[in-house]
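First comes the structure, then the notes that go with it.
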Amino acid sequence: MLLSLYVRLALNLPNWAQTPGWYRPLTRLVGRFIHDHQAIGTFLVIGAEELGIPLPAPGDAVIAVTGYLTTTGTIAFGAAFLAVVAGATVGSLGLFTLGRTYGHGFILRYGRFVGMNQDRLAQVERVFKRYGPWAVIVGRHVPGMRIYLSALAGVFQMRYRVFVPCVMLSSSIWALIFLTLGRMLGRQSFQLFRLLPAHLVPYAVAVVVIGLLVWVALSHGWRPFSRHTQADTMRVQDSPAKGKVGLHKT
């Protein structure tokens with residue numbers, strides 16, 4: 001159903017669904033970057049998106065254009081497939097590691113101010129550990145959910161040996177679907193770059209949510225640089241004392 005929708009949009013894109021004229025040079029830059037750098041370009045673009053970096057064009061359209069380029073001999077199909085899977089795996093692994101390293105502690109410390117205590121967090125963790133692999137494999141195909149799922153998998157301490165194979169399997173399916181779509185559409189696949197940048201909506205939501213969490217944390221005493229400030233203060237206070245001791249001994 002989603003594949004059929006993309007085909008219809010690419011072949012007959014209504015005006016209301018098109019990006020404004022001033023935005024299109026940005027998407028053309030992405031297309032030119034892929035054309036000039038082939039598989040490496042696809043790997044970098046998909047990896048950047050999976051890492052959470054907002055890009056002018058969605059990953060679906062990027063893969064479709066890459067699929068079209070495999071029909072012109074610009075990129076070999078196998079190289080294109082590996083570039084998508086590797087880019088998705090490396091990028092999502094970076095976001096997963098960030099969530100695993102910092103997310104759990106942050107939520108555990110400041111989540112209580114928004115109703116997330118340790119017991120509730122433990123319940124969510126148990127549910128995610130039980131259904132997490134399927135959530136990653138299937139949920140990544142829901143528009144806008146790939147970035148969230150990578151971060152949440154890290155926050156809820158999913159194991160690396162579970163997360164990585166799930167991403168590789170899911171991204172393999174993703175790559176095959178949209179590479180095939182690009183091969184079917186031919187040059188019309190570039191029309192997908194003209195779709196409204198709805199893929200940026202999750203980024204906007206994430207910025208608002210993170211901003212609210214940081215505001216709550218700051219209002220309840222979180223000082224990210226307090227340790228450095230305190231250490232510097234103690235160092236400054238200790239210096240005169242040490243100097244006086246030295247003069248006294250002399």
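The values are calculated or read from the model by the stated rules, or taken from the named source; none is laboratory data. Quantities reported herein were computed from a predicted structural model and do not represent experimental measurements. Backbone-built Cβ (ideal geometry, glycine too); neighbour counts: all protein chains shown.
Could you say whether any residue in the stretch 147-158 is of a type outside the set (Phe, Trp, Tyr), within 30 Å of ALA80 (Cα to Cα), modelled with pLDDT under 80 and not in a helix (DSSP H, G or I)? Please lay out each step first, then the result.
So in the stretch 147-158, the residues of a type outside the set (Phe, Trp, Tyr) come out as 147, 149-155, 157-158.
Next, only the ones that are within 30 Å of ALA80 (Cα to Cα) stay: 147, 149-154, 158.
Still in the list and also modelled with pLDDT under 80: none.
No, the conditions are met nowhere in the stretch 147-158.
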| Residues of the stretch 136-173 satisfying the condition of being among the hydrophobic types (A, V, I, L, M, F, W, C), within 19 Å of LEU98 (Cα to Cα) and surrounded by 18 or more Cβ atoms within 10 Å (Cβ to Cβ) | VAL136, ILE147, LEU149, ALA151, LEU152, ALA153, VAL155, PHE156, MET158, PHE163, CYS166, VAL167
| Which residues, counting only those in the stretch 89-105, are among the hydrophobic types (A, V, I, L, M, F, W, C) and closer than 16 Å to ARG161 by Cα? | VAL90, LEU93, LEU95, PHE96
| Residue list for the stretch 34-60, filter: small (Gly, Ala, Ser) and either closer than 15 Å to GLY87 by Cα or surrounded by fewer than 20 Cβ atoms within 10 Å (Cβ to Cβ) (or both) | ALA39, GLY41, GLY47, ALA48, GLY52, GLY59
| request: Return yes or no: is GLY103 surrounded by 13 or more Cβ atoms within 10 Å (Cβ to Cβ) and either modelled with pLDDT under 90 or in contact with a Leu (Cβ under 8 Å, 6 or more places away or on another chain) (or both)? | output: yes
| How do the pairs read when you match residues in the stretch 149-164 that are on the phi > 0 side of the Ramachandran plot with residues anywhere that are assigned to a helix (DSSP H, G or I), using Cβ under 7 Å and keeping only pairs 6 or more apart or on different chains? | GLN157/ARG100; GLN157/HIS104; GLN157/GLU125
